[in-house]
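Have a look at the structure below, then the notes.
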Ligand code: AMP
């Protein structure tokens, strides 16, 4: 079937009618390499659809910050740009999806990252609406350029800097201090990219043939990507599939 035609479009449209005053449940997963803009877009979508933004990287960083047993187990792995074990992250997401605020939907960011994680997610979502998967595609050179400039607000988590020549030092939203993630140093970014290509990119093939899969061009500006991602979540036309 040609991309973007027939059941592919109508399935998502049924899920989230464009003119609905209150959006219906949306089970959305954003995937893409580090620095593709998943976090920024996920925050926007979660606000728009009034569903929780569930980012395994944020949950793990909080655990590291709190020096909990989970944080102590994950810290060195994250600093090396490697993936935390499947069982650990699957457990985190299973618990999080059972909380009441996720009953009417969620935006997943950074999970799944391996095929076993995707299989576990399918099993968890057995009785829910179909998972909408949006892949945000960006070239490696652009990723490295963006991540060297990315800063994150230590207070509210806002992500800034990717589009600026010199990242600002204060958060535009809350005035908090902007910091560089430890794993945004170039050597770690290269490792994360290689892990992404080897372990996470195969998920594109895992999801590609589902009627609720879309790929958007992540090299555009944040607002352009947001429009394409929102359109993809609604099953609209400003979307292309990767080959
Ligand atoms: P992120 O903020 O999504 O880039 O995640 C930061 C780091 O957390 C990753 O480089 C991994 O070390 C770890 N991490 C986050 N999500 C997962 C996941 N689904 N599976 C394994 N490791 C993860």
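Below are the figures for this structure:
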| read-out | value |
| --- | --- |
| Residue within segment 134-156 that is closer than 21 Å to residue 53 by Cβ, in contact with a strand residue (DSSP E or B) (Cβ under 9 Å, 6 or more places away or on another chain) and loosely packed, with under 12 Cβ neighbours inside 10 Å present | no |
| When residues of segment 42-80 are limited to those that are touching a helix residue (DSSP H, G or I) at 6+ places or on another chain (Cβ under 6 Å) and not in a helix (DSSP H, G or I), the one farthest from the ligand (Cβ to nearest atom) | 52 |
| Every residue from segment 81-133 that is within 8 Å of the ligand (Cβ to nearest atom) and assigned to a loop (DSSP other than H, G, I, E, B) | 81, 82, 83, 84, 85, 110, 111, 112, 113, 114 |
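Only the coordinates and a few stated rules stand behind these numbers; no lab work does. In this text, all values refer to a predicted model and were calculated from it rather than measured experimentally. Glycine gets a Cβ as well: all are built from the backbone with ideal geometry, and neighbour counts include every protein chain shown.
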